[in-house]
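Rule-based calculations on the coordinates, nothing more; no lab input. Given the structure is predicted, the values throughout are model-derived calculations rather than measurements. Cβ placement follows ideal geometry from the backbone for every residue including glycine, while neighbour counts extend to all protein chains displayed.
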Amino acid sequence: MTEIPAFTPILLGSDMNVYGMARSLHELTGQTVDVYAREQLAPTRYSKIVNVHLIDHFDTDPTFFTAMQQIAAAHADAPGKLLLIACGDTYAELIAKHKPELEADFVCPYVDYALLRQLNNKENFYRLCDEYHLPYPATKIVTRAMYASGVVITAPFEFPMALKPADSVEWLDIHFEGRKKAFTIHSQVELNTIIAKIYDNGYTSDLILQDFVPGDDSNMRVLNAYVDQHHHVKMMCLGHPLLEDPTPAAIGNYVAILPEYDQQLYDQMAAFLEAIQFTGFANFDMKYDVRDDTFKLFEINIRQGRSSFFVTLNGYNLASWPVLDYITATLADQPPVFANQDPAQHQLWLGVPKRVFKQYAKDNPAKQRALELLAAGRVGTTVFYDQDMSLRRWVLMTYMFHNYVGRYKQYFAENKG
């Protein structure tokens, strides 16, 4: 890589996504990173590579913008440009919302707010999918008005079916017993009950009711991309999830990812990102549908994902892309990188203990490949980092991983059976 001029990264959040980006930055430059968040979460605790600053109500306006002005002032004498990277939906949306003002002090590799609102809302995203001929599951929109009218809400597809919020940011503030990131619905009674709970507990946006794409976790795919400031795709890295978190609040979070290569899929999604004039990190969730041999898109995240360290692990350092784009200004002249073409370089990413993966991931050729990588020692995690490992941190991370043993015993059969 070209010699990197001095710059100062600023990360927003304190979860595993933040730690993965901080670790990527540390591997790239050796820097300790300032992190700002509303609360302290375990993945960034007892770390030597992040300085966590907590700000009450930091994830809401007007606190966010006021705090960002104060952060800019506090770093007025910091070396080089201030590179701002969000590691959560709420922070990404707030950066896009205030991007015109923030750009006076920060480098903000994010789309404008109007485009973010099209992409962050699943209902709007599916309209874009129709426009650009991208497949997604058969969908019916459910509105609060439909629920309030007392009409029985049905769908033109069979049970089981999927139910999820259209607005993932609003959903973060909705809480009730049985709340999940997404629901798999098995009967009309269950559908009626869940919709009532959602709207009775304050959610106001639409719901997405979808045909359930058959298959287990290993039918999922996750695609990470970086698009430069000139709206050209510069990196795409495809992951093949083999296991997801079964915990209700974390359903859909990947905990085991095998790198994969698919040039046809890369070309399709690159064309879409460039056509809509995207900028920055994009993270797509999709599922292979054996019924018509297509990858059905579920959503796009306007940021890297919590498991996206698998990109860095496989040799494509996540932090390097915005650095090359905005700090060294050399990315524009480089050809795009379509990752994972050489299986000899593949590394398995895990977010759970090895024994949990071995026990709960479905037996198939992809799992067998993952077991081969495990046996060869070609495996890594986000949070266990040799250059950032004190006794306290090791104990906490080990405890965090061990908790998955109980979670899978409690929830796996319920959600996957």
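Computed on the range 11-72, with alpha-carbon pairs under 8 angstrom and 6+ residues apart, the relative contact order is 31 percent.
Every helix of 4 or more DSSP H residues in the chain counts as -39500 (n - 2.57), and over all residues that averages to -10000 deg cm²/dmol at 222 nm. Considering only 370, 250, 166, the Gaussian network model of the chain with Cα springs below 10 Å gives its largest mean-square fluctuation to 250. Residue pairs exceeding 28 angstrom between C-alpha atoms, taken from 48/354; 287/358; 180/296; 99/197: 99/197. The structure shown yields Rg/Rh (Cα atoms, Kirkwood Rh), and of the options (i) 0.94; (ii) 1.01; (iii) 1.04 that calculated value carries the label (i). Remind me, relative contact order of the chain in percent, using alpha carbon pairs under 8 angstrom and six or more residues apart? Dividing the mean separation by the residue count of the chain yields 18 percent.
A simple count of charges around residue 205, restricted to other residues whose Cβ falls under 9 Å of its Cβ and scoring Lys, Arg +1 and Asp, Glu -1, yields -3. Shape summary of the range 7-118, radius of gyration then Dmax from alpha carbon positions: 13.2, 38 Å. Each Lys and Arg Cβ is given +1 and each Asp and Glu Cβ -1; about its Cα centre, the range 7-118 then shows a dipole of about 280 debye.
Computed about the Cα centre, the dipole magnitude for the range 70-163 is approximately 280 debye when only Lys and Arg (+1) and Asp and Glu (-1) carry charge, each at its Cβ. Membrane-span-like helices in the chain, defined purely by DSSP H runs whose alpha carbon atoms cover 27 Å or more axially and whose average Kyte-Doolittle hydropathy reaches -0.5, do not occur. The range 31-93 and the range 294-369 have Cα centres separated by 24 Å.
Using a Gaussian network for the chain with springs between C-alpha atoms less than 10 Å apart, which of these wobbles most: 169, 18, 111? Maximum among the listed residues: 169. With an 8 Å cut-off on Cα pairs and a minimum separation of 6 or more residues, tell me the relative contact order of the range 138-211 in percent. Relative contact order for the range 138-211 comes out at 55 percent.
Farthest toward the dipole's positive end in the chain, which of 379, 310, 331, given Cβ charges of +1 (Lys, Arg) and -1 (Asp, Glu) about the Cα centre? Farthest towards the positive end: 379.
About its Cα centre, the chain has a charge dipole of approximately 1320 debye under the convention of +1 per Lys or Arg Cβ and -1 per Asp or Glu Cβ, with nothing else charged.
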